[in-house]
1. What are the ³J(HN,Hα) values, in whole Hz, obtained from phi via the Karplus relation 6.51 cos²θ - 1.76 cosθ + 1.60 with θ = phi - 60°, for each residue of the range 205-221 in sequence order, with x given for Gly and Pro?
2. Ranked highest first by average number of other Cβ atoms within 10 Å, how do 216-222, 48-54 line up?
3. Under the Karplus relation 6.51 cos²θ - 1.76 cosθ + 1.60, θ = phi - 60°, what is the ordered set of whole-Hz ³J(HN,Hα) values for the range 81-93, x standing for Gly and Pro?
4. Amide H neighbours of residue 115 under 5 Å, at least 5 residues apart or on other chains, H built in the peptide plane: list them.
5. What residues qualify as long-range amide H neighbours of residue 61, i.e. H under 5 Å apart, gap of 5 or more or another chain, H built at 1.01 Å from N?
6. Residue 59: net charge of surrounding residues, Cβ under 14 Å, Lys/Arg +1, Asp/Glu -1, itself excluded?
7. What nm distance separates the two modelled labels at residue 28 and residue 53, each placed 7 Å from Cα along Cα→Cβ?
8. Using the beta-carbon distance between residue 190 and residue 68 and R0 = 35 Å, what value does 1/(1 + (r/R0)^6) give for FRET efficiency, to the nearest 0.05?
Amino acid sequence: MSDNLTLPAQQGSTGASTEALLKVEGLTKHFPIYGGFPIKRKVGAVQAVDNVDLTVGVGESVGLVGESGCGKSTTGRLITRLLEPTGGRIEYAGQDITHAKRKQLAPVRSEIQMIFQDPYSSLNPRQTVGTIIKSPMEVNGINPAGGREKRVRELLELVGLNPEHYNRFPHEFSGGQRQRIGVARALALNPKLIVADEPVSALDVSIQAQVVNLLQKVQDELGIAFLFIAHDLAVVRHFSQRVAVMYLGKVVEVGDRDSIYNRPRHPYTHALLSAVPEVAMDDETENRERIRLAGDVPSPISPPSGCRFRTRCWKAQDKCATEEPPLLQIGGNTEGHLTACHFPEDPSTEARSEDVVMDPALKAMENDGNVSKS
Ligand SMILES: Nc1ncnc2c1ncn2[C@@H]1O[C@H](COP(=O)(O)OP(=O)(O)OP(=O)(O)O)[C@@H](O)[C@H]1O
Ligand code: SF4
Ligand SMILES: [Mg+2]
């Protein structure tokens, strides 16, 4: 590989494109666990991300959703190269950046930016807003026309903040305003891809929509692609053209937003959707049945054999314990809608007729009358 990666010419702000900007194949991150005394040895690994395939097109927004601990942030940190992958390949703008070294990564680093969940801890409290937003330009030696301060003031205006607040400190801003500062910092280097890790989860519900709208504006006007990480399908619904659903380190379903929300095939996607009743996009799905996502996610140190979802799946059969279901375009799925399940749900939006409890142990307790169904 050459010392510096060459990048394609800047794309116009034309919205989503089918051209892949980011292509991730077989991405894997296993965090080693060490034990033993007096000599420490590797005794296991947290299989945080396991064989994940994902693409994000130029100017496209892809949502990555799933329960806490399923590996969303680790995926984001691998893509932004804050973590070194255990396996797999990351291709950005046609270049393999999987193990690119610091110098080789330099031109890419400015194009891939991250927005973090917590707008309080992600901003240095001792630095002014101007210094915070300016610092990526300084680190990367970027000198915009008119100077860095002018550029910072433009960015403050773009994200809906007063440019006169250049010299203020983060504590003088509300949570929503701080996240706007985080967005301005991410925009400072004209990125082509932003990995937004739960960018609104820490904000009041009333403020969440404002920040999502800001990100939408950024995507529309600047043509920036997004990997939008969230545990809440309702947030992703308005922002992402495609959605990938993760469970215990694996992508279990991915597809166009309409396909995923209206014709989900994987039982886990059904469960996630049912937890957000108003998320249904068609009127006919208004009566979607609630599925209670009972039980804990199994440990990623020793995930279940076969299908990782089988310990909580009401459709599980013997095959699910022995064969891992591949992520495929199964019969009935629209183009690009992939599902990893041996016994998928029908591609209909009909709600099931009987109550579904996801955890077989809880179901047994309910049958014994030990647990209330409310
Ligand atoms: N540095 C680390 N060392 C060991 N295990 C880790 C490390 N970082 C994350 N993990 C583990 O990897 C798994 C995935 O974590 P990750 O933070 O990616 O999940 P997440 O989907 O982002 O969860 P949340 O919704 O809570 O943010 C978890 O079991 C977590 O404990
Ligand atoms: S493969 Fe089996 S256990 Fe996994 S989601 Fe499908 S039916 Fe459930
Ligand atoms: Mg996370």
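Please treat every number below as a calculation from the coordinates, not as lab data. Just so it is clear, the model here is predicted, and its values are computed rather than measured. Ideal geometry is used to build each Cβ from the backbone, glycine not excepted, and the neighbour counts take in all protein chains shown.
1. 4, 5, 8, 3, 4, 5, 6, 4, 4, 4, 5, 4, 4, 4, 5, 5, 7
2. Result, highest mean Cβ count within 10 Å first: 48-54, 216-222.
3. Taking θ as phi minus 60°, the curve returns 6, 7, 10, 8, x, 7, x, x, 9, 10, 10, 10, 6 Hz for the range 81-93.
4. 195, 196, 197
5. Under 5 Å from the amide H of residue 61: 226, 241, 242.
6. Neighbourhood net charge equals -2.
7. That separation, rounded to one decimal, is 1.6 nm.
8. Approximately 0.60, to the nearest 0.05.
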